[in-house]
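The values are calculated or read from the model by the stated rules, or taken from the named source; none is laboratory data. From a predicted model like this one, the values you see are computed outputs, not experimental measurements. Positions of Cβ are backbone-derived with ideal geometry, glycine not excepted, and every protein chain shown enters the neighbour counts.
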Ligand code: PLP
């Protein structure tokens, strides 16, 4: 069934992920915590081992062969990242530790240089803490005001309310592309175009969207876009911040140190060209190199194929879970990525998570770093099953059965 629906053989794909051979509590692992971090295919693990085994060296500085090889590999990931998100130039691709660091880079550099007392920053109710707290810190420092786009009870942003929030004081809109808690995909093109009409910039948190959706930052016309490698089959500790070249050129640097400079004297320092101006110190070379293998892995299956497969899992799982008595799905809307977030009458998500883990099923429970969203939905958290390219309908059957069993035990 799975193989027929997807345009690729999901069982062949599964063989490429060593961890999927694992058992949990005597049962085959069912890994449904992909929105937190995805598992890694052998090609990504091999890229890491290959780097450390064969050409580990510091980049950009050495003239010896190993340094040249490491630099070439590191920079070829930049080109792969550029292509993966449709940026116009590698100068617009800054390597970071991940989405969180990308957003903090923007608040600390662009934000500090451009936000003044009374200015307004718009975010949405759906945001992850990493797209709330850095803006709050900036707003506190500068005396700026945070405005929040409300959502419907299904978790969709209210565009009409957003349009009302926009005014000449709005300096930036920072919004999540796909909600990690609910899976809901925001109409970011409309958000961006409306912000630009009032002269505000837009930052997109692409932590959850980049693995599932085709990303074209040029067509979107966003000013900043951040994502993390570890959510797209790549290593932890590395990610990308995209920003338009003219904006990056005008921005002050983030961290000071080696690599981000052209010349240093005790009197004056001149900064390096883009993108190096924003990459101080020795970066995470190994993981950056291996991130390219993750892009290639996704491209080799094809995002369209993966999306079709994940949509099939999403639809199948939604129907199965909806029909279990007491289960209520949050964010059950048309435009979403493969995340099913649900509450069960009178049962705490954590209790459910523990009983599912006992059956070999890894789900995420709690507020998913979106406490304000949970407050808005008037719940203390959800149980979240999130699917990746290697998950199957059989695994969803196990989730449904496991859930029924757990509910019986806890009722
Ligand atoms: N934004 C969203 C929507 C996320 O889901 C996450 C991680 O779960 C982040 C931001 C932060 O990403 P990272 O922890 O990789 O920096």
> Residues of region 327-341 being in contact (Cβ under 8 Å) with a residue 40 or more places away in the chain and surrounded by 14 or more Cβ atoms within 10 Å (Cβ to Cβ), which ones?
Replying inline: 327, 330, 331, 332, 333, 336, 337, 338, 339, 340, 341
>> Can you tell me which residue is farthest from the chain's Cα centre (by Cα) among those in region 358-395 that are under 15 Å from residue 27 (Cβ atoms) and either outside any loop (DSSP other than H, G, I, E, B) or not assigned by TED's automatic domain parsing to the domain that holds residue 22 (or both)?
In response: 358
> Which condition breaks for residue 17 when tested against (1) outside the structural domain of residue 252 (by TED's automatic domain parsing); (2) surrounded by fewer than 18 Cβ atoms within 10 Å (Cβ to Cβ)?
Replying inline: (2)
> Is there a residue in region 99-106 that is under 20 Å from residue 148 (Cα atoms) and more than 15 Å from the ligand (Cβ to nearest atom)?
Replying inline: no
> How about region 116-143: which of its residues are more than 16 Å from the ligand (Cβ to nearest atom) and within 19 Å of residue 225 (Cα to Cα)?
Replying inline: 121, 122, 138
> Are any residues in region 342-368 without any contact (Cβ under 8 Å) to a residue 24 or more places away in the chain and either under 17 Å from residue 37 (Cα atoms) or within 16 Å of the ligand (Cβ to nearest atom) (or both), and if so, which ones?
Replying inline: 365, 366
> strands (runs of 3 or more DSSP E) wholly in region 216-291 with at least 3 residues that are within 16 Å of the ligand (Cβ to nearest atom) - which ones?
Replying inline: 224-228, 239-243
> Looking at 207, 194, which one is under 26 Å from residue 372 (Cβ atoms) and either within 14 Å of the ligand (Cβ to nearest atom) or free of Cβ contacts under 8 Å to residues at least 24 places away in the same chain (or both)?
Replying inline: 207
> Among the residues of region 94-117, is there at least one that is more than 21 Å from residue 283 (Cβ to Cβ), touching a helix residue (DSSP H, G or I) at 6+ places or on another chain (Cβ under 9 Å), surrounded by 21 or more Cβ atoms within 10 Å (Cβ to Cβ) and at pLDDT below 95?
Replying inline: no
> Can you tell me how many residues in region 162-186 are in contact (Cβ under 8 Å) with a residue 40 or more places away in the chain and away from the ligand (no atom under 13 Å from the Cβ)?
Replying inline: 9
> From the list 73, 81, 67, which residue is in a helix (DSSP H, G or I) and within 16 Å of the ligand (Cβ to nearest atom)?
Replying inline: 81
>> Restricting to region 120-157, count the residues that are out of contact with any helix residue (DSSP H, G or I) (no Cβ under 9 Å at 6 or more places or on another chain) and either under 19 Å from residue 190 (Cβ atoms) or in contact (Cβ under 8 Å) with a residue 40 or more places away in the chain (or both).
In response: 3
>> Could you tell me how many of the residues in region 17-39 are more than 17 Å from residue 229 (Cβ to Cβ) and in a loop (DSSP other than H, G, I, E, B)?
In response: 5
